[in-house]
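Accompanying notes for the structure given below.
The values are calculated or read from the model by the stated rules, or taken from the named source; none is laboratory data. Because the structure is predicted, anything quoted here is derived from the model rather than measured. Neighbour counts run over all protein chains shown; Cβ positions are idealised from the backbone, glycine included. SASA here: full protein model, heavy atoms, side chains in, ligands and nucleic acids out. Shrake-Rupley method; radii C 1.70, N 1.55, O 1.52, S 1.80 Å.
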Amino acid sequence: MRPFLIAGNWKMNGSMKSCQELATSILSSLNSDSESVRGNEYLISPPFLYIDAISRQIEKDVVILAGKDCSASDNGAHTGDISCEMLKDVGAKSVILGHSERRQNHGETSQDVAKKAEKAAQAKMAVIICVCETLEEREAGEEFEIVRSQILTSLPSGATGQDIDIAYEPVWAIGTGKTASAEDVEAMHDFIRNILNENLDKADEMRILYGGSVKPENAKELAAVSNVGGFLIGGASLKAESFLEIGREALLGQKDK
Ligand code: PEP
């Protein structure tokens, strides 16, 4: 079984200095390999411009660096885009795709996500594909159908469970302080697990992460939910103490599974 993933999405926050300081704090705790954090896998996704500098800070392989998007094309005439080749060149081994902020602010479709995921897979990068429903969709009782359609359309052809993770992030819980209840998360994660099992090879190896106002106070309860294989964390990943505390709480929660 793959380890529980604690993934921090720093979004478009910080400066070179503050991001390097945040990385230093996270790395010094993880490097000390303390009992309280060992057992999870850790990933951080700093702003693109700072990945290279942070990559140089990583001595032991204690944390995975991830981009927040990638081009579906190879290097060439694509102004403003960033290829998987470039991401790998500066030390990123993973890429987050289809985050709701990219779907909403950049009109990114599930078809776009599938093309990008295919390119990342060719580059042998790990991928986290985000899926979500809006509050209106949930209130209309459409959340399961929306998530099913996003998963099936966003997965690249020939996807297996080995290098792709799904992150379920209800839009109404992102950055709002409102967390989905453990019952809501369980219902959706079990539903996603069934979709994956029905449609993919090695689906068991695909982790299903939960994201949406995860914090130290709710991490233990959420980590104990069946089919929760990790967290994608925004706000609480911007402070080393809360990011690492979530890791500790998640370890406790996994024992309750
Ligand atoms: C996110 O943006 O991926 C996220 C889950 O944010 P937050 O933890 O701040 O809700």
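Being β-branched (Val, Ile, Thr) and over 30 Å from Asp33 (Cβ atoms) is the filter here, so list the residues in the stretch 54-80 that pass it.
From the stretch 54-80, those β-branched (Val, Ile, Thr) are 54, 58, 62-64, 79; that's our starting set.
Once the filter is applied, which keeps residues that are β-branched (Val, Ile, Thr) and over 30 Å from Asp33 (Cβ atoms), the stretch 54-80 yields only Thr79.
I'd like the full set of residues that are out of contact with any Lys or Arg (no Cβ under 8 Å at 6 or more places or on another chain) and hydrophobic (A, V, I, L, M, F, W, C), limited to the stretch 31-68.
From the stretch 31-68, those out of contact with any Lys or Arg (no Cβ under 8 Å at 6 or more places or on another chain) are 32-35, 38-40, 42-44, 46, 49-63, 67; that's our starting set.
Correct list: Leu43, Ile44, Leu49, Ile51, Ala53, Ile54, Ile58, Val62, Val63.
Within the stretch 212-221, the set of residues being at negative phi and either away from the ligand (no atom under 15 Å from the Cβ) or touching a Gly at 6+ places or on another chain (Cβ under 7 Å) (or both) comprises Ala219, Lys220, Glu221. Restricting to the stretch 51-104, give me the number of residues that are over 18 Å from the mean Cα position of the chain (by Cα) and under 25 Å from Gln150 (Cα atoms). Number satisfying all stated conditions: 6.
Restricting to the stretch 222-236, name every residue that is within 14 Å of the ligand (Cβ to nearest atom) and open to solvent by less than 30 Å² (accessible area, probe 1.4 Å). Spell out the reasoning first.
Narrowing the stretch 222-236 to residues within 14 Å of the ligand (Cβ to nearest atom): 222, 228, 230-236.
Scanning the stretch 222-236 gives Leu222, Val228, Gly230, Phe231, Leu232, Ile233, Gly234, Ala236.
Of a type in the set (S, T, N, Q) and within 16 Å of the ligand (Cβ to nearest atom): which single residue out of Ser110, Ser71, Ser94 fits that description? Outline the logic, then answer.
Numbers: Ser110 fails: within 16 Å of the ligand (Cβ to nearest atom); Ser71 fails: within 16 Å of the ligand (Cβ to nearest atom).
Going through Ser110, Ser71, Ser94 in turn, the sole match is Ser94.
Within the stretch 104-121, the set of residues being open to solvent by less than 70 Å² (accessible area, probe 1.4 Å) and outside any helix (DSSP H, G or I) comprises Gly107, Glu108, Thr109. Just to check your reading of the model, which residue among Ile128, Ile208 is in contact with a helix residue (DSSP H, G or I) (Cβ under 7 Å, 6 or more places away or on another chain), within 16 Å of the ligand (Cβ to nearest atom) and open to solvent by less than 10 Å² (accessible area, probe 1.4 Å)? Just one listed residue meets the conditions, Ile208. Val147: modelled with pLDDT of 95 or more, among the aliphatic types (A, V, I, L, M), open to solvent by less than 10 Å² (accessible area, probe 1.4 Å) and part of a helix (DSSP H, G or I), yes or no? Yes. Quick one: which strands (runs of 3 or more DSSP E) lie wholly within the stretch 1-103 and hold at least 1 residues that are of a type in the set (Ser, Thr, Tyr) and open to solvent by less than 70 Å² (accessible area, probe 1.4 Å)? So the answer is 41-45, 94-97. Looking across the stretch 161-197, the residues that are at pLDDT 95 or above and among the charged types (D, E, K, R) come down to Asp165, Glu169, Glu183, Asp184, Glu186, Asp190, Arg193.
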